[in-house]
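Colleague: Mind having a look at this structure? Questions to follow.
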Amino acid sequence: MAPAKIYSNFINGEWLSSASGRTFENVNPANRNELIGLFQKSDAQDVENAVAAAKQAYKSWKNTPPPKRGEILYRTALLLQENKEEFAEAMTREMGKVLEETRGDVQEAIDMTFYMAGEGRRQFGQTTTSELPNKFCMTVRSPIGLCGLITPWNFPIAIPSWKIMPALICGNTVVLKPATDTPLSSYNLVKVLEEAGLPRGVVNMVTGTGGDVGTPLILHNDVRAVSFTGSSEIGRKVSQACAASFKHCCLEMGGKNVIMVLEDANLDLAVEGALWGGFGTTGQRCTATSRVVVHKSVYKDFMDRFVARTRALKVGDGLDAAVQVGPLINEAQRQTVETYVEVGKNEGAKLLCGGERLTGKEYDNGWFYAPTIFGDCDPNMRIAQEEIFGPVVSVIPCDSLGQAMEIGNGVVYGLSSSIYTRNVNNAFTAMREMETGLFYVNAPTIGAETHLPFGGTKQTGNGHREASVAALDFYSEWKSIYVDYSDKLQRAQIDT
Ligand code: NAD
């Protein structure tokens with residue numbers, strides 16, 4: 001067997017080994033015997049070097065005209081397009097989701113990169129009048145400085161692109177710490193940024209664990225802003241660490257998303273939505289549909305179809321075009337799912353399908369778990385309240401739209417929700433009342449597009465949004481400029 005490929009950190013435009021010289025393994029979750037490669041097990045010293053490079057590069061990048069920055073992003077997007085198939089395949093091997101979805105992941109990065117390239121010519125501020133004569137006022141966006149970016153494994157090219165592209169177009173430089181389970185996809189993204197001609201030090205990537213790399217990055221005094229996507233548990237720590245030095249901090253965290261199926265819903269469509277939302281990416285999306293609230297009058301009909309379709313899902317290696325559901329990311333995540341399934345059974349929910357590891361030749365070397373549905377759930381059960389992050393859907397019966405919305409909103413998270421109805425009054429009422437950052441009508445809880453703001457309310461986020469023009473608001477600061485051409489001292493609020 002050929003020796004495993006060794007991948008490096010990217011610091012100051014160079015591909016470097018970690019200061020300690022240590023590496024860690026990246027394996028295929030569908031086949032743990034397949035070693036994808038060895039990646040640098042970095043520590044605080046590597047973070048220090050990357051931060052120093054980004055700090056130096058900031059001096060000229062911040063004054064590079066935004067349309068010029070945009071040209072580099074535009075070339076990056078073209079290179080991503082060229083390499084889409086190769087990067088998608090590498091991603092499926094590294095994190096398990098099926099090829100159709102990993103192609104979508106790369107496509108999301110392409111969309112984001114083209115979008116942000118265009119923003120290079122749209123960094124508009126405002127001009128306005130003054131309250132005083134012969135005075136002119138305007139606002140401009142200014143970059144913040146050095147940004148630390150910490151990303152999860154479930155969208156391993158898309159999410160880094162959501163952070164890197166708006167950060168760069170606003171004139172910031174970055175240090176990226178990708179998830180330990182998916183460094184290859186970040187490597188591929190950074191490689192095309194390099195190829196597109198990004199000046200040295202503008203983007204740096206340091207691989208390793210959250211404790212060894214993430215912690216020194218968020219604590220570093222030269223880092224002015226941190227953008228984190230991951231669990232609420234780690235997000236809280238990131239937020240607390242940033243508060244100590246007043247770093248800007250954008251948090252995108254967990255979800256417990258809901259589809260509401262009303263009595264007048266197109267049930268076939270609702271079942272399609274619940275299948276895609278619940279079991280796409282093996283339920284490992286922050287926007288995954290982990291709860292379905294169904295009106296009692298159509299409950300049996302919906303469940304018969306939903307359970308039958310779930311049983312028929314083909315689970316396996318995501319590189320196989322016939323496979324619809326890949327493995328879980330690692331053994332720890334599979335154990336989390338198993339624990340929740342036991343919790344559900346003990347709470348008295350009705351296990352209708354799945355609820356077990358898959359075994360047999362096709363499955364024994366990977367972290368596979370059968371798509372699972374619990375019926376007759378009480379909204380207060382833990383399986384209906386806590387994020388599981390796996391192929392488990394809890395279905396809850398309801399009597400009315402009002403009750404469905406109360407159940408839907410009755411969790412600590414606020415990322416995504418959806419309604420299936422043909423009644424426009426119900427749709428608009430739910431649109432107004434649901435306390436989530438994303439809301440869908442007659443579509444599942446997943447499927448965000450890059451030109452709309454992305455993020456959640458309550459314990460999902462801290463008020464910022466990614467993607468769209470909203471992302472620029474995190475990666476830049478407004479500067480208000482007053483130009484007095486009266487040739488005399490004019491005092492605002494006093495010389496009235
Ligand atoms: P995680 O919180 O375990 O890890 C996220 C990142 O933080 C990783 O890069 C990890 O190495 C790093 N990290 C861990 N400990 C750290 C520390 N002490 N200091 C600094 N960094 C640290 O999350 P995960 O398992 O990679 O991803 C799954 C979670 O991400 C789920 O909760 C999911 O809902 C959430 N998620 C949210 C969104 C969103 O946009 N809202 C999108 C995708 C995933």
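The values are calculated or read from the model by the stated rules, or taken from the named source; none is laboratory data. Computed from a prediction, not measured in an experiment: that's the story for all the values here. When we count neighbours, we look across all protein chains shown, and the Cβ atoms used for this are built from the backbone with ideal geometry, even at glycine. Accessible surface is based on the protein model in full, side chains and every heavy atom, while ligands, DNA and RNA are left aside. Shrake-Rupley method; radii C 1.70, N 1.55, O 1.52, S 1.80 Å.
Colleague: So what does the Cα-only Debye profile of segment 257-441 read at q = 0.19 Å⁻¹, as log10 I(q)/I(0), no solvent term?
Modeller: Cα-only, vacuum Debye calculation for segment 257-441: -1.26.
Colleague: Would you kindly enumerate the cysteines in the chain that have no other Cys beta-carbon under 4.7 Å from their beta-carbon?
Modeller: By the Cβ distance rule, which asks for a partner under 4.7 Å, the isolated cysteines are Cys137, Cys147, Cys170, Cys250, Cys286, Cys353, Cys377, Cys398.
Colleague: By the gyration tensor of its Cα atoms, with a ≥ b ≥ c the square roots of the eigenvalues, what is the shape of segment 25-89: rounded for a/c under 1.5, prolate for a/b over b/c, or oblate?
Modeller: oblate
Colleague: Tell me what the chain gives for mean residue ellipticity at 222 nm when only DSSP H runs of n ≥ 4 count, each as -39,500 (n - 2.57), the sum divided by the residue total, rounded to 500 deg cm²/dmol.
Modeller: -11500 deg cm²/dmol
Colleague: Now, a different point. Dipole of segment 109-252, Cα-centred, from +1 at each Lys and Arg C-beta and -1 at each Asp and Glu C-beta, to the nearest 20 debye?
Modeller: Its charge dipole is roughly 340 debye.
Colleague: Going toward the positive end of the dipole of the chain, with +1 on Lys and Arg Cβ and -1 on Asp and Glu Cβ, which of Asn409, Asn188, Gly148 do you reach last?
Modeller: Gly148
Colleague: Among Ile164, Ile481, what's the order by accessible area (1.4 angstrom probe), most exposed first?
Modeller: Ranked from most to least accessible, the order is Ile481, Ile164.
Colleague: To the nearest 20 Debye, how big is the dipole of segment 1-111 about its Cα centre, given +1 on the beta carbon of each Lys and Arg and -1 on that of each Asp and Glu?
Modeller: Dipole of segment 1-111, to the nearest 20 debye: 500 debye.
Colleague: Quick check: net charge around Val293, other residues with Cβ under 13 Å of its Cβ, Lys/Arg +1 and Asp/Glu -1?
Modeller: Charge balance in the 13 Å sphere: -2.
Colleague: Moving on to the next point. So how do 120-131, 136-147 stack up, highest first, on mean other-Cβ count within 10 Å?
Modeller: 136-147, 120-131
Colleague: Counting only other residues whose beta carbon sits under 15 Å from that of Thr496, what net charge do I get with K and R as +1, D and E as -1?
Modeller: 0
Colleague: So, with a 1.4 angstrom probe, what is the percent of accessible area on segment 356-410 that is carbon and sulfur?
Modeller: 44 percent
Colleague: Follow-up question, since we're still on this one. Output ³J(HN,Hα) for segment 270-275: one whole-Hz value per residue in order, computed from phi by the Karplus curve 6.51 cos²θ - 1.76 cosθ + 1.60 with θ = phi - 60°, and x for Gly and Pro.
Modeller: Whole-Hz 3J(HN,Hα) from phi for segment 270-275: 5, 5, 4, x, 5, 5.
Colleague: Under a Cβ-only charge scheme (Lys and Arg +1, Asp and Glu -1), can you give me the dipole magnitude of the chain about the Cα centre, in debye to the nearest 20?
Modeller: 1060 debye
Colleague: Summarise the accessible area of segment 136-212 (1.4 Å probe, protein heavy atoms) by the percent that is carbon and sulfur.
Modeller: Carbon and sulfur together cover 56 percent of it.
Colleague: Tally Lys and Arg at +1 and Asp and Glu at -1 over the other residues with C-beta under 12 Å from the C-beta of Asn83: what net charge comes out?
Modeller: Neighbourhood net charge equals -2.
Colleague: If you count the DSSP beta bridges with both ends in segment 257-441, what percent of them are antiparallel, to the nearest 5?
Modeller: 15 percent
Colleague: Please sort 351-363, 29-41 by packing, taking for each peptide the average over its residues of neighbouring beta carbons within 10 angstrom, highest first.
Modeller: Going from most to least packed, we get 29-41, 351-363.
Colleague: Sort His464, His451 by heavy-atom solvent-accessible area, probe 1.4 angstrom, most to least.
Modeller: His451, His464
Colleague: Still on this structure: As a test question: what accessible area, to the nearest 10 Å², does Ile407 have when a 1.4 Å probe is rolled over all protein chains in place?
Modeller: For Ile407, solvent-accessible area is about 20 Å².
Colleague: Per residue, what accessible area does segment 199-355 have, given a 1.4 Å probe and all protein chains present, in Å²?
Modeller: Ligands and nucleic acids excluded, the result is 37 Å² per residue.
Colleague: If you count, for each residue, the other Cβ atoms within 10 Å and average over each peptide, how do 245-251, 183-189, 155-161, 101-107 line up from highest to lowest?
Modeller: Listed from highest to lowest mean packing, they are 155-161, 183-189, 101-107, 245-251.
Colleague: While we're here: Once you order the gyration tensor axes a ≥ b ≥ c over the Cα atoms, which shape class does the chain get: rounded for a/c under 1.5, otherwise prolate or oblate by comparing a/b with b/c?
Modeller: It comes out oblate by the Cα gyration axes.
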